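A short worksheet on the structure shown next.
Computed from the coordinates by the stated procedures, all read-outs in this text should not be read as laboratory data. Here the structure is a predicted model, which means the values were calculated and not measured. As a convention, Cβ positions derive from the backbone with ideal geometry for all residues, glycine included, and neighbour counts pool all protein chains shown.
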Amino acid sequence: MKNLDDLVGEGVAGRTVLVRSDLNVPLDGDRITDDGRIRASVPTITTLRDAGARVVVMAHLGRPKPGQDNTAFSLAPVAERLGELLGAPVALAQHGDAARAAVSGQADGDVVLLENIRFDPRETSKDSGERAAFAGELAGLAGDRGAFVSDGFGVVHRKQASVYDLATRLPAYAGGLVLAEVEVLRTLTGAPERPYAVVLGGSKVSDKLAVIEALLPTVDTLLVGGGMCFTFLAAQGRGVGSSLLESDQVETCRKLLESGKIVLPSDVVVADAFAADATTRTVPVDEIADGWMGLDIGPESVAEFGSRIADARTIFWNGPMGVFEMAPFAEGTRGVATAIADGEAFSVVGGGDSAAAVRALGVGEAGFSHISTGGGASLEFLEGATLPGVAVLDGDA
């Protein structure tokens with residue numbers, strides 16, 4: 001696929017370049033609680049600015065609904081933070097005439113951020129004609145010499161106007177972030193150095209079932225924590241108290257356990273309520289009492305998982321080991337993250353809550369070979385699914 005270096009090599013001074021970034025960051029009111037995705041977008045934007053391009057960034061935030069008050073989904077806080085990181089003002093432009101005016105007034109090196117791209121319902125429409133019409137309007141902002149750079153890996157698994165359709169309207173290039181993500185994930189699906197260990201957490205088995213089925217034939221060890229482990233434990237015939245349980249997945253988990261590659265926790269931290277101030281205990285997995293719920297893996301499990309991680313040469317991690325946002329249930333995730341970061345394996349953090357946990361728990365990001373910005377996209381890639389936003393750059397759409 002053509003990439004950012006190719007575009008810069010062609011010359012971009014004075015040209016308008018539309019960049020699809022992933023700036024979907026968590027907010028507490030107007031305060032950004034994790035700016036990792038904004039920071040990840042900076043290198044591509046900076047490269048284009050330094051080459052004299054007029055940069056128009058497109059991104060979404062949350063899931064706004066047509067016809068409702070979507071003030072809470074404005075990208076205004078993102079524009080401010082992006083400007084701080086770039087060391088230059090970033091104008092936020094509403095769609096339509098305001099966007100056209102802002103873009104026409106740009107000088108070389110200027111950056112405009114379009115307001116939440118999902119404020120226009122055509123962005124996510126299932127009607128290809130509606131998406132195409134919106135993509136045509138976006139392409140019109142760039143003019144005859146315009147170009148498109150796809151740099152939002154977190155959305156490349158979506159067939160949306162600013163991700164897919166726009167790449168058919170303008171000369172399209174992979175940004176540095178998307179290119180790096182694809183190269184890393186192709187390493188995992190190619191011939192990873194062994195032993196190859198995968199660590200999966202999160203709430204539900206059903207959310208990870210496709211990737212588990214895809215990975216089991218290729219990995220040496222699959223370590224399972226988080227809420228999803230309790231359905232596996234139930235499949236072993238263990239009682240799980242009030243822990244999260246997907247009863248309809250128990251038989252599926254029983255069959256997956258036959259692979260002999262899945263390692264489950266041996267102890268868990270349980271609580272009498274889903275609350276930071278709940279009463280807690282650490283118990284073996286076969287001693288979870290009725291009325292108690294498992295909210296983290298225990299210290300013995302952390303040690304066992306850490307031993308497996310230390311032996312691995314390639315590691316992929318997606319999903320926290322517990323409810324890390326609450327201090328009593330953060331140590332499992334912290335322990336596993338630290339074990340990965342302290343090791344020497346080629347390690348990939350699969351975005352989403354895992355990447356957020358690394359930053360929230362103070363684990364050094366430099367200890368990981370790669371931290372993905374797209375949890376869903378990375379999982380679908382490993383499942384072997386076609387990612388529309390990648391396929392269109394490869395010319396396979």
Residue-wise HN-Hα coupling along the stretch 105-110, computed from phi with Karplus coefficients 6.51, -1.76, 1.60 (Hz; x: Gly, Pro): x, 6, 9, 4, x, 6
Test of understanding: what is the full-extension gain from residue 42 to residue 247, defined as 0.36 nm times their sequence separation minus their Cα-Cα distance? 69.4 nm
Could you tell me which of the pairs 204/261; 126/255; 159/208; 65/126 are separated by over 26 angstrom between their Cα atoms in the structure shown? 126/255
Quick one: Cα centre-to-centre distance for the stretch 75-97 and the stretch 237-274, in angstrom? 45 Å
Rounded to the nearest 10 degrees, the helix 36-50 long axis (Cα) sits at an angle to the longest Cα principal axis of the chain of 30 degrees
Overall form of the chain per C-alpha gyration tensor (a/c, 1.5; a/b vs b/c): prolate
Could you sort the peptides 349-361, 310-322 by per-residue average Cβ neighbour count (10 Å cutoff), highest mean leading? 310-322, 349-361
A student applying the Cα gyration tensor rule (rounded when a/c is under 1.5; otherwise prolate if a/b is larger than b/c, oblate if not) would label the stretch 57-170 oblate
Take the Cβ-Cβ distance between residue 254 and residue 307 as r, set R0 to 25 Å, and report the resulting FRET efficiency rounded to the nearest 0.05. 0.45
Measure off 7 Å from each Cα along the Cα-to-Cβ vector at residue 394 and residue 327, then give the distance between these two points in nanometres to one decimal. 4.7 nm
Note the full-extension length gain between residue 279 and residue 361 as 0.36 nm times their separation in residues minus their Cα-Cα distance, in nm to one decimal. 27.3 nm
Pick out which of 49, 81, 31 has the largest mean-square fluctuation in a Gaussian network model of the chain, springs linking Cα atoms closer than 10 Å. 31
Extension gain from residue 369 to residue 95, taking 0.36 nm per residue of separation minus the Cα-Cα distance: 94.8 nm
